[in-house]
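Heads up, the thing below is written out as structure tokens.
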């Protein structure tokens, strides 16, 4: 009996010791930082990746778009001065004085030289469609792509959208579309200008003594003619124009008197975004000045 009692006491003591050890292990707070940090390491790296890599993508995309707008304007100016629009891939050799060479020169000025630091610049004419409803004839597209290597975001499982060999990249694109306007080729003896869209620059309200025969008129906005019109040979308007303004009238005519446009999915059409914009903040306007300075009139 005495031996059995001792054995029971020993078993009880062993169970109590094990229980005490388990309780102490659960209550023990020492060394808990390492496993907690290990669990939080992946989301921390993901947050750092978003804060550094992803934010850099958005900043670069805006900078690329500014450079693309300026390059497209340089290409348009080159084509208007006799340059030949043609397809030009990033690996093609750009002959001096061509639109492709002008485009690459502008990108290099912005720090995005073709072929350097994962930068690819292309220009396209074949298969390029002008925007529906536009007054453009032939359109020319300028594209640029920069590849960013995936580093921190790869830990969070982000794979990017481009793979070269075993490396993964995020491709950041920008594009701009320019076109050659369908012009009338007519000289105008009267050019009416208005800086407010939707307001008629050319407006007559019964002008029986006016005689504009042998004269063409142009409005950079709308044209309104009520009562007896001015009897112009041809009356053109960038917007709409009344039939009484001339013997022949034309709506939606391109206006060379206005070079201001709003942002669209094709970029910024005008050199300035609004009439009073500081030219120093307009990359396309600066691109035009650079082109003019590089190609002085003989």
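Readers should treat all values here as calculations from the given coordinates under stated rules, not as data from a laboratory. All values derive from a computational prediction rather than experimental measurement. Here the Cβ is made from the backbone with ideal geometry for all residues, glycine too, and neighbour counts use every protein chain on show.
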Pair residue 92, residue 171: separation of 7 Å Cα→Cβ label points (nm): 1.8
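How much length is gained on full extension from residue 191 to residue 113, taking 0.36 nm per residue of separation minus their Cα-Cα distance?
Numbers: separation 78, 0.36 × 78 = 28.08 nm, distance 4.20 nm.
Fully extending the segment from residue 191 to residue 113 adds 23.9 nm.
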How many nm separate the modelled label positions at residue 293 and residue 80, each set 7 Å beyond the Cα in the direction of the Cβ? 1.9
Classify segment 190-250 from the C-alpha gyration tensor, please: rounded if a/c falls under 1.5, else prolate or oblate depending on whether a/b exceeds b/c. prolate
